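The values are calculated or read from the model by the stated rules, or taken from the named source; none is laboratory data. Computed from a predicted structure; not experimentally measured. Positions of Cβ are backbone-derived with ideal geometry, glycine not excepted, and every protein chain shown enters the neighbour counts.
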């Protein structure tokens, strides 16, 4: 294991030395190494529960890019974003039972954890940052392009279509909350709008975004 | 005293909550609410999935990030720690046999611990996923257009549990403020058909989310508290009961 420094999936040794406990279970829950690439989230997490490094490697291969991109966007700091990525995947390794398929995909679970950690970090030095941000955000909102955050061409097209359905006020509020790491109360202050208005815009915008994604045939990788 | 937000006030906060844009007491109130409200919990899931779509990265995390994770994984398993325990060079010859025997014993002992840990960990993950699979099925049933549902209330009108029934005879019950049953006691679910109460299952002392089966023209549900193991016919007053209505 120690010599295995390749990117996940390029290195087949990750799971080789690990003992494998076989217990009764459905096919979905008892995954062979060759099947990991096509394994469902739940099957992957069960394999991680069996301390299979190759399963964690597969989860990293699938989702680390999005986790890193989100953390870096919120933190505006690549080194701290890497720390968040490490924390997110080590937590998955140490406590896989915390993933709840009933509460969404593995991807959104990992992203939600990464976002929470990044936002905590942002707010921990908020007294310094808040003063800087107030002015900076006023400028950046006008320039910021949500669509630029999305890299994959096909997925980008679907997301772009969905984002285009948002009203400007909804889009602005969601950007500040999600990527800026601001509370809705702070967003209200930044945009000089009532808190109730911001709450409503975030909610109506997220509902519209979801519907737009469904209409556009978005399917996360 | 802090005023508990109403259901509508919580609903207005769900999207902001999903984006981590609610903090303090409000976040705590939403957290508590979604734990017991499948509909609101489902909405938070939807918002998080949609938000996740915005986070698509166009480059992978740096290789160094994975390498650090690998280092952490290596340092953790107890079997690996035992395997690299050094034998002091100065005492190598005279203590070789002792050291080999001790190391082998240590490895076996640690291997045993590790196997037990793996068993426990695997069981925990399996159990969590099975429970959540039931929860996911309950949520799906709750969103079904042909489902019927019931709020089960105590005698003083407090909602203690919810149930959803789908036409294929499957039902799901999830508690919402039902206290844990006393020692050696269990909750039992009853389907009310006409004037009869027919057992729909023993729920255990702290049901959480429980699936059940039903047959016939069930007009209501009731929960009683019984001796552990349940009873064939109950003489006890229901802890909670409710009529089934169309969703």
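Just wondering, is there one or more residues in the stretch B:187-203 that are farther than 18 Å from residue B:236 by Cβ and assigned to a strand (DSSP E or B)? Yes, the stretch B:187-203 has at least one match.
Okay, residues lined up against (1) within 17 Å of residue B:52 (Cα to Cα); (2) in contact with a helix residue (DSSP H, G or I) (Cβ under 9 Å, 6 or more places away or on another chain); (3) free of Cβ contacts under 8 Å to residues at least 40 places away in the same chain; (4) not in a loop (DSSP other than H, G, I, E, B):
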{"residue": "A:181", "(1), (2), (3), (4)": "yes, yes, no, no"}
{"residue": "A:193", "(1), (2), (3), (4)": "no, yes, yes, no"}
{"residue": "A:196", "(1), (2), (3), (4)": "no, yes, yes, yes"}
{"residue": "A:211", "(1), (2), (3), (4)": "yes, yes, no, yes"}
{"residue": "A:218", "(1), (2), (3), (4)": "yes, yes, no, no"}
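Counting only residues that are at the interface with another protein chain (Cβ under 8 Å from one of its Cβ atoms) and surrounded by fewer than 24 Cβ atoms within 10 Å (Cβ to Cβ), the stretch A:79-92 holds 3 of them. Among the residues in the stretch B:207-230, are any outside the structural domain of residue B:40 (by TED's automatic domain parsing) and free of Cβ contacts under 8 Å to residues at least 24 places away in the same chain? Taking every residue of the stretch B:207-230 in turn, none turns out to be outside the structural domain of residue B:40 (by TED's automatic domain parsing) and free of Cβ contacts under 8 Å to residues at least 24 places away in the same chain.
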